[in-house]
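The values are calculated or read from the model by the stated rules, or taken from the named source; none is laboratory data. Computed from a predicted model, the values in this text were never measured in an experiment. Neighbour counts run over all protein chains shown; Cβ positions are idealised from the backbone, glycine included.
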Amino acid sequence: MVDVFSEILINCPREQVSEYAANPDRAPEWYVNIKSAEWQTSKPLQVGSKIAFKANFLGRQLAYVYEVTEFSRGHKLVMRTANGPFPMETTYTWDSVGSSRTTRMTLRNKGNPAGFFTLFSPFMSLMMKRANQKDLNKVKLILEARS
């Protein structure tokens with residue numbers, strides 16, 4: 001099993017960070033590996049929403065559908081793959097730190113690699129940790145540049 005946890009402090013209000021990061025339409029802007037996101041259910045984001053993502057990872061093109069299983073606007077988002085080659089659960093949390101101008105954003109991915117990805121199981125956590133940190137750094141860069 002892979003279980004990767006990353007976090008970052010972003011100098012923007014929690015509401016701004018969570019609104020941006022929880023919007024699937026924004027995912028290709030800040031996720032290094034995600035190339036597209038397509039809603040399979042109607043907006044807005046809520047428990048039961050389904051979003052199809054296309055991504056590249058380890059030189060492979062991936063297509064998978066995430067289903068929102070928990071959503072507390074501005075605080076927490078949990079999504080699980082409804083299908084795809086790498087069953088995964090992704091959790092975001094956002095917490096205000098000190099003043100209301102700083103947000104701690106966390107990103108946790110856990111799942112069981114299958115098929116081709118089992119070959120990389122020993123290295124999967126490290127590769128995902130690096131990718132997640134790049135993604136969080138990009139969110140920080142984008143949002144702090146807007147402030």
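Taking Phe86 as the residue in question, decide whether it is touching a residue at least 12 places away in the same chain (Cβ under 8 Å), surrounded by 13 or more Cβ atoms within 10 Å (Cβ to Cβ) and within 14 Å of the chain's Cα centre (by Cα). It is false that Phe86 is touching a residue at least 12 places away in the same chain (Cβ under 8 Å), surrounded by 13 or more Cβ atoms within 10 Å (Cβ to Cβ) and within 14 Å of the chain's Cα centre (by Cα). Within region 1-17, the set of residues being buried (at least 17 other Cβ atoms within 10 Å of the Cβ), touching a Leu at 6+ places or on another chain (Cβ under 8 Å) and closer than 12 Å to Arg104 by Cβ comprises Ser6, Ile8, Ile10, Cys12, Val17. Looking only at residues of region 65-87 that are at pLDDT below 90 and out of contact with any helix residue (DSSP H, G or I) (no Cβ under 8 Å at 6 or more places or on another chain), we find that the one that is nearest to Ile8 (Cα to Cα) is Pro87. From the list Pro113, Pro122, the lone residue that is at pLDDT below 95 and surrounded by fewer than 16 Cβ atoms within 10 Å (Cβ to Cβ) is Pro122. Taking into account only those residues within region 37-78 that are basic (Lys, Arg) and in contact (Cβ under 8 Å) with a residue 40 or more places away in the chain, which is farthest from Met127 (Cα to Cα)? Result: Arg73.
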